[in-house]
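Below is one structure, written out as structure tokens, with a few remarks after it.
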Amino acid sequence: MEKNYYVCTGCGMLCDDIEVESEKNIVNKVHTACRVGVAHMKEGRESAVFRVDDKPVDEATAISEAAAILKNAKNPLIFGLGTSTNETQKLAIELARKTSATLDDTSSFCLGRVVEALLQNKFKVCTLDDVRNKADVTIFWGADPSDSHPRHLSKHSYFPRGTEKQRGWEEERTAIAIDVRKSHTAKICGNYFFQIPPGGDAEFIDALIAGLSGKLPKTSYNFPPKRILELANILKGAKFGVVFVGLGLVYSLENLEPLIRLMDALNEKANFHLIPMVGHYNMRGFNENLFEETGHVNSVKFEDGTVKHGPEYSIVESLKAKTVDAALIIGSDPLSSLPRSVAKNLLEIPVISLDPCETLTSRRAKVYINTAISGVESGGSATRMDGVKVNFKPVVETTRLSDEAVLKKIMEAL
Amino acid sequence: MDFGSFLKAPEIKVKVITYRDIFQDKAMIENRFGDDYRDRSAVIKLDPADLKQLSVKKGDTVVLKNSFGTIVVRAEESGYEPSHRGIAYMPNSPWSNMLVSDETGGTGIPKFKDISATVTSAKGEKVTEIGF
């Protein structure tokens, strides 16, 4: 019997082996997915909601109000899109161009720098399928997939018996965690957990590079040199190594120069690839789509046919400097995810929130439209954390509009 | 007379590091305004010696304060070894974000995982409700 598999859009892994039992457009059971994936796929229950100034309105009123906000704004901010399809993201870029908007996504304050560097070919990359089939040494650096990407180790990076790794984790794979705390992933790594102090990553990188070339590795926090040399020896012997870069590492580095240097040093001695631990299911898609259009992965401002780029066009700096005078937030909740000291400035401008569920942001929005859950109630394509394109169809039908459909209607109304 | 009530409650300085928690993530997807999400988010994990210094028991509430905000959350033992006095852990959430500095050096990247705050006993005060 041929089975019908779905894609889970719960995180950047886009697992494509999900089985679902549904009835009357309600997902009752989800098989294969992780705890987060199951909750995500069973999320949709509500009927369509259109709200303006906290009052229920019809679809046409909500769309025309949203269009009016964007039309009246001199510099609207379009933000979010990490949980939108590639098709929706491309439409949002077009809308940003049309409305001379500032356009940004969560990557400006998480992994954007890493994705930008890899799109500029500064790192050797590979796919998760390569990892499953070939990887013998994997490093989780400032990343805890056991919590953030729960099937990462079982589906790709440690436990599977890939085509060239039939003897599996018991004999053929070494998993290493470098972190400031003993995370759940670090526990799995056992003796290959290297605990460093907060902010100690850059120094650890330098020490490791020294160790790779046989020099005495030193750190100001006196990390045992013997252990660093032991780690360097494992890395030197890697036939197919992968560094999974998490936020813990990225936030600890002022810039990516130390990481680029480390990857180069590793590739002088062995064979090492890098994959960013992208959280939102299509953050990488946003980065790639915008990069293709503008040469930048986030933080852009469209103006008179030109594109400006820089951290001043990120959501954080735009809100801090109060340079944006309206906001269209798509599938994101900045009132929850940004520092309150920055997010509070959103309360001073009209906000349009498109989101499948009620959030702090939707509750304070001038216009709120609850959209279909991308990947569960609407289909499209997305880009996995490793750059692989994945197509998906909806699991169930809904009366709610997809964010893509809402953006089309707003553009027509403009 | 309870002379203890005239004494200033002990206060310690901590560096808070935020992290992701799968159970908390699931609770958020199910209902970000629900009790489960609040209970799994409004938590700080401290070194047992720091709890002792604060005269706070596991499960008691504490006040976290800095120049960006003040929140009341539940204190727990971290369970981490070795000792990490002065370093505390919180799941990343709107609660931790109430304490994150707006200072970014113009980079657009706040220090979500590097929060300085003071901790004192909340003396039974309830956990902060999130809203704007």
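Computed from the alpha carbon atoms alone, the convex hull of chain B holds 129 Å³ per residue.
Note on segment A:131-190: along the principal axes its Cα atoms extend 33, 18, 14 Å, ordered by decreasing extent.
Please state, to two decimals, what the Cα-based radius of gyration of segment A:192-274 comes to when divided by 2.2 N^0.38 Å (N = residues).
Taking N as the residue count of segment A:192-274, the ratio is 1.01.
Annotation for segment A:343-414 versus segment B:79-122: alpha-carbon center distance of 30 Å. Take the Cα of A:ALA48, step 7 Å toward its Cβ, do the same at A:VAL388, and the gap between the two points is 3.6 nm.
Name the residue farthest towards the positive end of the dipole of the protein assembly as shown from the options A:MET41, A:VAL396, B:GLY108, assuming +1 on Cβ of Lys and Arg, -1 on Cβ of Asp and Glu, about the Cα centre. Towards the positive end, the residue furthest out is B:GLY108. Considering only A:LEU212, B:PHE23, B:PHE33, the residue lying farthest towards the positive end of the dipole of the protein assembly as shown is A:LEU212, judged by Cα position with unit charges set on Cβ.
Please sort by residue number the trypsin sites (Lys or Arg not before Pro) in segment A:307-356 whose DSSP state is loop and whose Cβ has at most 10 other Cβ atoms within 10 Å. Display every interim value, and only then the final one.
Details: sites: A:LYS308, A:LYS320, A:LYS322, A:ARG340, A:LYS344; in loops: A:LYS322.
Within segment A:307-356, the qualifying trypsin sites (Lys or Arg not before Pro) (loop, at most 10 other Cβ atoms within 10 Å) are A:LYS322.
Other residues with beta-carbon under 14 Å from the beta-carbon of A:ASN28 carry, at +1 per Lys or Arg and -1 per Asp or Glu, a net charge of 0.
Loop sites here are GluC sites (Glu not before Pro) outside DSSP states H, G, I, E and B with no more than 11 other Cβ atoms within 10 Å. The longest part of chain A free of them is A:3-253. Counts of other chain beta carbons within 10 angstrom of each beta carbon in peptide A:302-315 average 1. Counting Cα-Cα pairs of segment A:1-155 in 10 Å increments starting at 0 gives whole-percent bin shares of 8, 24, 32, 24, 11, 1. Among residues other than A:PRO217 with Cβ under 13 Å from its Cβ, the summed charge is +1 (Lys and Arg +1, Asp and Glu -1). Pairs with C-alpha atoms separated by more than 18 Å, drawn from the list A:LYS155/A:LYS269; A:LYS122/A:LYS236; A:LYS215/A:LYS236; A:LYS218/B:LYS13, are A:LYS155/A:LYS269; A:LYS122/A:LYS236; A:LYS218/B:LYS13. Rounded to whole numbers, the Karplus 3J(HN,Hα) couplings from phi for segment A:130-142 are 4, 4, 4, 8, 10, 5, 10, 10, 10, 10, 9, 10, x Hz, using 6.51 cos²θ - 1.76 cosθ + 1.60 with θ = phi - 60°, and x at Gly and Pro. A cut-off of 5 Å between modelled amide H atoms, ignoring neighbours fewer than 5 places along the same chain, links A:TYR6 with A:ILE18, A:GLU19.
For segment A:250-330, the Stokes-Einstein estimate of translational diffusion at 20 °C and a viscosity of 1.002 mPa s comes to 138 µm²/s, using the Kirkwood hydrodynamic radius over alpha-carbon pairs.
Suppose R0 equals 35 Å. What FRET efficiency, 1/(1 + (r/R0)^6) with r the Cβ-Cβ distance, do A:ILE260 and A:SER154 give to the nearest 0.05? My answer for the efficiency is 0.70. Counting only residues at least eight positions apart within a chain, or on another chain, the lysines with an alpha carbon under 22 Å from that of A:LYS308 are A:LYS71, A:LYS74, A:LYS90, A:LYS98, A:LYS320, A:LYS322. Run the 1.4 Å probe and let me know the accessible area of B:ASP60, rounded to the nearest 10 Å². For B:ASP60, solvent-accessible area is about 60 Å². With θ taken as phi - 60° and the Karplus curve 6.51 cos²θ - 1.76 cosθ + 1.60 applied, the whole-hertz 3J(HN,Hα) list for segment A:81-91 is 6, x, 10, 10, 6, 4, 4, 5, 5, 5, 5 Hz, x standing for glycine and proline.
Compared with the direct C-alpha span, the chain from A:ILE234 to A:LYS187 gains 15.1 nm at full extension, assuming 0.36 nm per residue.
Between A:VAL180 and A:ILE196, the built amide H atoms are under 5 Å apart, and every one of these is 5 or more places off in sequence or on another chain.
Using DSSP to define loop residues, name the trypsin sites (Lys or Arg not before Pro) in segment B:1-89 whose beta-carbon has at most 14 other beta-carbon atoms within 10 Å. Intermediate results must be reported in sequence, preceding the final value.
Numbers: sites: B:LYS8, B:LYS13, B:LYS15, B:ARG20, B:LYS26, B:ARG32, B:ARG38, B:ARG40, B:LYS45, B:LYS52, B:LYS57, B:LYS58, B:LYS65, B:ARG74, B:ARG85; in loops: B:LYS8, B:ARG20, B:ARG32, B:LYS57, B:LYS58, B:ARG85.
Those that pass, being in a loop and sparsely packed, are B:LYS8, B:LYS57, B:LYS58, B:ARG85.
The spacing between segment A:273-330 and segment A:48-110, judged by their C-alpha centroids, is 14 Å. Amide H contacts under 5 Å for B:VAL43: B:ARG74, restricted to partners 5 or more places along the chain or on a different chain, H placed in the peptide plane at 1.01 Å from N.
The three principal axes of the Cα atoms in segment A:112-276 give end-to-end lengths of 41, 34, 31 Å, sorted in falling order.
Take every DSSP beta bridge whose two residues both sit in chain A; close to 40 percent of them are antiparallel.
So what is the relative contact order of chain A, in percent, for Cα pairs below 8 Å that sit 6 or more residues apart?
Details: 882 pairs, mean separation 103.8, N = 414.
The value is 25 percent.
The trypsin sites (Lys or Arg not before Pro) of segment A:157-223 meeting both criteria, a DSSP state outside H, G, I, E and B (loop) and at most 11 other C-beta atoms within 10 angstrom of the site's C-beta, are A:ARG167. Evaluated on the protein assembly as shown, the Kirkwood hydrodynamic radius is 24.3 Å, with distances taken between all distinct Cα atoms. In sequence order, segment A:409-414 has phi-based couplings of 5, 5, 5, 5, 5, 6 Hz under the Karplus curve 6.51 cos²θ - 1.76 cosθ + 1.60, θ = phi - 60°, and Gly or Pro positions carry x. Evaluated at q = 0.16 Å⁻¹, the base-10 log of the normalised Debye intensity for segment A:160-205, with identical point scatterers placed on the Cα atoms, takes the values -0.53.
Tell me, what is the percent relative contact order of segment A:112-276, built from C-alpha pairs under 8 Å that lie six or more residues apart? Before the final figure, lay out the partial values.
Numbers: 288 pairs, mean separation 46.9, N = 165.
Computed value for segment A:112-276: 28 percent relative contact order.
The values are calculated or read from the model by the stated rules, or taken from the named source; none is laboratory data. All of these numbers come straight from a predicted model, not from anything done at the bench. All Cβ positions, glycine included, derive from the backbone under ideal geometry; neighbour counts span all protein chains shown. The area values use the complete protein model at the heavy-atom level, side chains included, leaving out ligands, DNA and RNA. Shrake-Rupley method; radii C 1.70, N 1.55, O 1.52, S 1.80 Å.
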